[in-house]
Amino acid sequence: MDVWDSPQGLQRMDYCNGVQGFINFATSILRNFTYGGIRCPCRKCKNLKFLHQGVVTIHLLTKGFMEDYLCWYAHGELFVPDESMEEQVVGSTSNASNMHEVGNENSNPYRNILLF
């Protein structure tokens, strides 16, 4: 059986498609480009490095997204709080830079992508 035909392979293919969707989204917004690259949200770079989109793709495929990067706020996605999150934010000690504009709840079809 080919790895892509197995349930894990199908999940991996979904993840690969999700990474490509992220890259398409991030590169569709011109303000995301700095120093010829975009922020890399992989587990190692954590949106601190600006890299070519091909390198970001490889990082995401091999390292996965950084933990809790469900809203792509550093790449132009609008922040959509939900009720359970509102309670966490009120009691949080994080700074205001983590809060972003409210947008359409369904604006990110790749929100629940996991690396398997």
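Computed from the coordinates by the stated procedures, all read-outs in this text should not be read as laboratory data. Just so it is clear, the structure is predicted and the values come from calculations on it, not from any experiment. Glycine also receives a Cβ, built like all others from the backbone with ideal geometry; neighbour counts cover every protein chain displayed.
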FRET efficiency for residue 13 and residue 48 from the Cβ-Cβ distance with R0 = 22 Å, rounded to 0.05, comes out at 0.15
7 Å from Cα along Cα→Cβ at both residue 67 and residue 79: what's the point-to-point distance in nm? 2.0 nm
Charge dipole of segment 16-78 about the Cα centre (unit charges at C-beta), most positive-ward option of 75, 17, 45: 45
Under a Cβ-Cβ cut-off of 13 Å, what is the net charge of the residues other than residue 26 that fall near it, where Lys and Arg count +1 and Asp and Glu count -1? +1
